[in-house]
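Please treat every number below as a calculation from the coordinates, not as lab data. None of these values were measured; they are calculated from a predicted model. Cβ atoms come from the backbone with ideal geometry, glycine included; neighbour counts cover every protein chain shown.
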Amino acid sequence: MQVIQSDVVIIGGGGAGLRAAIAVAQEAPGLSVALVSKVVPMRSHTVAAEGGSAGVIHPDDSLDKHFDDTVSGGDWLCEQDVVEYFVGQCTREMIQLEQWGCPWSRRDDGSINVRFFGGMKSPRTWFAADKTGFHILHTLFQTSLQFPAIQRYDEFFCTDLLVEDGRLQGVLALCIATGEPVLFQCKAAVLATGGASRVFGQNTNAGIVTGEGMGMAYAQGVPLRDMEFVQWHPTALPGSGILMTEGCRGEGGILLNKDGHRYLQDYGLGPLDPWPRPRAMELGPRDRLSQAFWHEDQAGRTLQTPHGTAVHLDLRHLGEKKIMERLPMICELARTFAAVDPVTAPIPVRPAVHYTMGGVLCDVHGATPLPGLYAAGECSSVGIHGANRLGSNSLAELLVFGRAAGLSAARHARETPAASAALQAQAESRAAVHLDMLRREGGTRVARLRQRLHEIMEAGVGIVREGPRMAQACEQLAELREQFRAGVALDDRGRAFNTEWLTAIELGHTLQVAEAMAHAALLRQESRGAHMRIDGFEARDDERFLCHSLIHSQGDAPPRVTHSPVTITRSQPRARVYGGAAQNQS
Amino acid sequence: MSQTRTIMIECLRYDPEQDQAPHYRTYEVPFTDEMSVLEGLQYIKDHLDGSLTFRWSCRMAICGSCGCMVNHQPILSCQSFLRDYYPARIRVEPLEHFPIVKDLVIDQSDFLGKLESVTPYLVPAQPLTPEDGPNLQTPRQIEDYLGYAQCINCLLCYAACPQYGLNNAFTGPAALALLARYNADSRDAGQKTRMEVVNAEEGVWGCTLVGLCSEVCPKHVDPARAINRNKINSTQDYFLRFLAPFGRGS
Amino acid sequence: MTPAPKTYVRPMNRWWMRHPAYRRYLLREGTSVMVAAYALFLLAGMVCLVLGETAFNLWRGFLQSPVSVIFHLAALAAFAFHAWTWFKVMPLTTPPMRFRGRPVPDRMIFRAALWAWGIASLVLLVLAMRFL
């Protein structure tokens, strides 16, 4: 087996991974970095982020406001010390990106322009039209090319983290083009593999967002935290799930039910006027908007489309000029994928899974409980999102914690001796397990298993949740994992660029992550943020559940869930209100 | 649900472990009006033949993974729709002018090397730190390069460029457009470094203005314009070197 | 690095058959052959002029032959097409231009070039009629 020595291995070439790699190369010279990604970095899902990234720069804004919006947006399940650090670093990172060339949208005088996003007291979202993630990712990727210390391994699929003497010492990967296993021996690794939204069917995410990074850490005994909190974005195209950015509403777009009524006023987000205004109506947080859709749908006030029910996102009143300047990609996407021109017609939208708030447990430095393993970005649970992520905090998270995790990993690598010799044997045995899949006969097709997973998750762990259905989902997931272990039927038996085989390995991880979500959800007997129950637990219960869920892998058996306290520094939990009620409160 | 029809999709197949040369295989795919070519390929992989291999990811025309040739035209398979080809059969092949790794997957390493060669990052006039605050840049100044910054590296332009096919030493459309993007940025001072790439025979002079690159670009980057404007710059640079008695940059 | 994967490189034979844009391109480049041919023809005239009156008259006589008329018509068509394509791509080579703060659209540059061409041809024709 080929062995590659590297001080720091970064798994994932999206925003967080690239930012971590640059941090090591720039701020810890002398260390070697291997950037290992299953796709060429600019294909990573960061590219699809549209609306923008948070950073306090507007004269009306303050770090305190960003802190408050984030903590209340997360329904007080945030680690407040981490949020404090986060809001203090965001603007620095946005400026850093500017200096690397990111084409942030500007005011006429050339200064940075910011827009409103949901749940914000002041405009705080830096944006590059409606292609913010695209520009951030390409800026980071191109900037990374000037550092010779960063050695890229594009299209290398990581399968396992290798632990020896109680610390992470290696990463096993498959070179996709040849199918050959490669062992990366390292002193530290940064997990930056993105979320797990593809656990669900209706989805705004790219096909690669399958959660295997979480699965790899989980399999090595690192707990996943707060996995029950899954964000439904309220405005995605029915069927394809393609995202219509929150920036649409930030610019003044409105949501209408089938009667042309702005229904959000009926869900504690009104009154209607004035519009637009912060933290109200269409600029409420995502969990509330998606839940309001569900209620409208139950009441039969949604529109029928060929791909399920929908409401209307209406931008027409913004006028063609503003739409084309601020939301050009939205226009193109709506025209191509929904055959609707937003300038002349409202866009049908419905909620779709968008983001996993939970992830691999780590601290403010990105350190996980496993020595040598760091995590950043959507795959991690550093603690800033709580029970519901605020729009535009995730791009900022990639940068702030990508850098932090990179620097921590570099520090760890400097203090750590070379990897142990026993690692190679472990790598060989893990590789043999994967290669064996190519030889096994019988079993179930990948597409069948994946389809079944989607059905189970949508029925059991959807926007609204009930105990018996979640319990059933847990059972069904155990059966599905059993079926997976019994064998996956592969048409492709070769090693070279065998995407069917890789998808099967990936699915093994995805199933575990799904199981973690379902079990954590079942045990949280309250409603908080994105976790909404309608079976007698409709209210938030701070007495019993102002705590994180920690999900521990038990191998082939169902996981064990424990709870851990939330760090509260200066914001005591209070009623989470938006719209007119919020103004009365403050 | 819209009506289901059936279309024949003919795919180029090449397995490096089995085949000496590519061959074609035809699949019968049921489709509805909103199904893209990519979804047609996914249908084949999920239900008919799991060994058909292609790249894809975002399915919304921004990641640049899913470029391929459909009926000899380079396209993004996620934003081309089967209804537009029906009732004719369609032929799907990997992007032209690149080596085939397997089926519809091409080897993009040559392009990535070219991308790296154009100094594709800001070279500031003097070093800045975040503490210095953001640069000023007016919307007018952004307009000068924003078009070139829309490139998603999907490689359709390389598949459209016969000059690249005939001689792949040519730096090519997307990489040269990216070069123009940084040169046109008011915050950049790296033009001199990039001039070497521009002037080289495999730089802008490798282009004979076939022009198809700009036509097929899904993001309207217009690489042909970027390259041909740089031909003027390259010519100026050449003559200025004669005019300046002590030579520029010598 | 891991060993490079085995790949298949497709041949480029008959590449111009693959896309109509390639054939248009070859046609455009092909018309420059006509430009060269006409230059040679004029050169032949010059040589005849040097050789003496008989030779020059012979050349002038040839100008009026049907073969020459066809040749001239073909050359004119080729030149016109070549010029047209030149003007078409001209906006791609001009530096970014603005008029009242807005970028000058490509078709304006193209039209301006066509007008300049037309006027120059007209002036040339008038001068020729007047002095020859």
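Kyte-Doolittle mean at least -1.0 and Cα extent at least 24 Å along the axis: which DSSP H helices of chain B qualify?
B:223-243
If a paramagnetic tag sat 7 Å from the Cα of A:Q151 along the Cα-Cβ line, which residues of segment A:11-55 would have the backbone N under 12 Å from that point?
A:32-36
Given a cut-off of under 8 Å on Cα pairs at least six residues apart, what relative contact order in percent is computed for segment A:237-352?
Averaging sequence separation for qualifying contacts and normalising by length gives 32 percent for segment A:237-352.
For a quick protection proxy, order the peptides A:4-11, B:54-61 by their average other-Cβ count within 10 Å, most packed first. Kindly include the intermediate steps, with their values, before the conclusion.
Working: A:4-11: 25.9, B:54-61: 24.2.
Top to bottom by mean Cβ count within 10 Å: A:4-11, B:54-61.
With +1 assigned to the C-beta of every Lys and Arg and -1 to the C-beta of every Asp and Glu, and no other charges, what is the dipole magnitude of the protein assembly as shown about the Cα centre in debye, to the nearest 20?
Numbers: 93 positive and 97 negative charges, 557 e Å.
It comes to approximately 2680 debye.
If you find the alpha carbon centre of segment B:188-202 and of segment A:1-55, how far apart are they in angstrom?
When both Cα centres are located, 28 Å separates them.
Enumerate cysteines in chain B without a disulfide-compatible partner, where compatibility requires another Cys Cβ under 4.7 angstrom.
Flagged as lacking a Cys partner: B:C11, B:C66, B:C68, B:C78, B:C151, B:C154, B:C161, B:C207, B:C217.
Would you kindly state how much longer the chain becomes between B:T129 and B:R241 on full extension, computed as 0.36 nm times their sequence separation minus their alpha carbon distance, in nm to one decimal?
Contour length minus the Cα-Cα distance gives 36.8 nm.
Sorting B:Y145, A:Y218, A:Y267 on the 10 Å Cβ count, fewest up front, what's the list?
A:Y267, B:Y145, A:Y218
Please go through the residue pairs A:K121/A:K321; A:K322/B:K45; A:K38/C:K6; A:K187/C:K6; A:K258/A:K321 and name each one whose alpha carbons sit more than 30 Å apart in this structure.
Listed pairs above 30 Å: A:K322/B:K45; A:K187/C:K6.
From the backbone phi of segment A:45-58, what are the Karplus-calculated ³J(HN,Hα) couplings (6.51 cos²θ - 1.76 cosθ + 1.60, θ = phi - 60°) in whole Hz, Gly and Pro given as x?
Here the 3J(HN,Hα) series is 5, 3, 4, 8, 4, 10, x, x, 9, 7, x, 6, 8, 5 Hz.
What average number of partner chain Cβ atoms lie no more than 10 Å from the Cβ of the residues making up A:329-336?
3
In degrees, nearest 10, range 0 to 90: what is the angle between the Cα axis of helix A:80-100 and the longest Cα principal axis of chain A?
Once rounded, one gets 90 degrees.
Mind checking which helices in chain C clear 24 Å along their axis (Cα) and have mean Kyte-Doolittle hydropathy of 1.0 or more, DSSP H runs only?
Working: long enough: C:20-51 (47 Å, 1.15); C:66-93 (40 Å, 1.25); C:106-131 (38 Å, 1.34).
Helices meeting the criterion: C:20-51, C:66-93, C:106-131.
Give the order of C:R111, C:R24, B:R187, A:R279 when sorted by the count of other beta carbons within 10 angstrom, beginning with the fewest.
So the ranking, lowest neighbour count to highest, is C:R111, C:R24, B:R187, A:R279.
Hey, quick one: spin label on C:Y22, modelled 7 Å out along Cα-Cβ, who in segment B:142-176 has an amide N within reach, i.e. under 19 Å?
In segment B:142-176, the label zone of C:Y22 (backbone N under 19 Å from the point 7 Å along Cα→Cβ) covers B:155-174.
To two decimal places, what compactness ratio does segment A:440-555 give when its Cα radius of gyration is scaled by 2.2 N^0.38 Å?
Normalised Cα radius of gyration, segment A:440-555: 1.26.
Partner chain Cβ atoms within 10 Å, averaged over the residues of C:8-15 - can you pull that number for me?
The per-residue average across the peptide is 6.
Of the DSSP beta bridges with both residues in segment A:1-145, give the percent that are antiparallel, rounding to the nearest 5.
Expressed as a percentage, antiparallel bridges in segment A:1-145 total about 55.
I need the calculated FRET efficiency for the pair A:R107 and A:D273, taking r as the beta carbon distance and R₀ as 30 Å, to the nearest 0.05. All intermediate terms of the calculation are to be shown ahead of the outcome.
On the way: r = 27 Å, r/R0 = 0.89.
In this case the efficiency is close to 0.65.
For a label point 7 angstrom out from the Cα of A:Q451 toward its Cβ, which stretches of segment A:483-504 have the backbone nitrogen within less than 15 Å?
From segment A:483-504, the list is A:489.
For B:K192, give me every one of the lysines with a C-alpha distance below 25 angstrom, ignoring sequence neighbours fewer than eight places off in its own chain.
B:K114, B:K231
Determine the relative contact order of segment A:440-555: mean sequence separation of Cα pairs under 8 Å and six or more apart, normalised by residue count, in whole percent.
Result for segment A:440-555 is 31 percent.
Of the DSSP beta bridges with both residues in chain A, give the percent that are antiparallel, rounding to the nearest 5.
Antiparallel bridges: around 60 percent, rounded to the nearest 5.
What shape does segment A:237-352 have by the C-alpha gyration tensor, where a ≥ b ≥ c are the square roots of the eigenvalues, rounded means a/c under 1.5, and otherwise prolate means a/b greater than b/c and oblate the rest?
oblate
Between segment B:68-105 and segment C:34-59, what is the separation of their alpha carbon centroids in Å?
One Cα centre to the other: 54 Å.
Tell me, A:H385, A:H295, A:H58, A:H509 in order of fewest to most beta-carbon neighbours within 10 Å?
The order, fewest Cβ neighbours first, is A:H295, A:H58, A:H509, A:H385.
Peptide A:494-506: average number of partner chain Cβ atoms within 10 Å per residue?
Working: counts 7, 2, 11, 11, 6, 11, 7, 2, 0, 2, 1, 0, 0.
For this peptide, the per-residue mean of nearby foreign Cβ atoms is 5.
First measure r as the distance between the Cβ atoms of A:D436 and A:R560, then evaluate 1/(1 + (r/R0)^6) with R0 = 22 Å and state the FRET efficiency to the nearest 0.05. Mind showing how you got there, number by number?
On the way: r = 29 Å, r/R0 = 1.30.
The computed FRET efficiency comes out at 0.15.
What do you get for the angle between helix A:467-486 and the principal long axis of chain A? Use alpha-carbon atoms, 0 to 90 degrees, nearest ten.
Tilt relative to chain A: about 30 degrees.
Give me the dipole magnitude in Debye, nearest 20, for chain C about the Cα centre, with unit charges on the beta carbon: positive for Lys and Arg, negative for Asp and Glu. Walk me through the intermediate numbers first.
Values: 15 positive and 3 negative charges, 184 e Å.
My answer is approximately 880 debye.
Determine the distance separating the Cα centre of segment A:233-287 from the Cα centre of segment A:489-566; give it in Å without decimals.
29 Å
According to the square roots a ≥ b ≥ c of the eigenvalues of the Cα gyration tensor, what is the shape class of chain C, taking rounded for a/c under 1.5, prolate for a/b larger than b/c otherwise, and oblate for the remainder?
Oblate shape, in that a/c is at least 1.5 and b/c is the bigger or equal ratio.
Put +1 on the Cβ of every Lys and Arg and -1 on every Asp and Glu Cβ in chain A; which of A:M281, A:I330, A:M532 then has its Cα farthest towards the positive end of the dipole?
Positive-end residue among those listed: A:I330.
If amide hydrogens are placed 1.01 Å from N in the peptide plane, which non-local residues have theirs closer than 5 Å to the one on A:D160?
Residues meeting the amide H criterion: A:L172.
On C-alpha positions alone, give me the angle between the axis of helix A:286-298 and the longest principal axis of chain A, in degrees, nearest 10.
Orientation of helix A:286-298: about 70 degrees from the principal axis.
Could you give the spread of the C-alpha atoms of segment A:1-122 along their three principal axes, from largest to smallest, in whole angstroms?
For segment A:1-122, the Cα spread along each principal axis is 56, 39, 28 Å.
Kindly rank B:24-36, B:215-227, B:127-139 from highest to lowest mean number of other beta carbons found within 10 Å of each residue.
Result, highest mean first: B:215-227, B:24-36, B:127-139.
A:I150's amide H: which non-local residues (gap 5+, or another chain) put their own amide H closer than 5 Å, with H modeled 1.01 Å from N in plane and none for Pro or chain starts?
Result for A:I150 returns nothing.
If the cut-off is a Cα-Cα distance under 13 Å, which aspartates and glutamates reach C:K88, setting aside same-chain residues fewer than 8 apart in sequence?
C:D106
Normalised by the empirical 2.2 N^0.38 Å for globular proteins, what value does the Cα Rg of segment C:16-84 take? If you can, show how the numbers build up before the last one.
Values: Rg = 15.8 Å, N = 69, 2.2 N^0.38 = 11.0 Å.
The value comes to 1.44.
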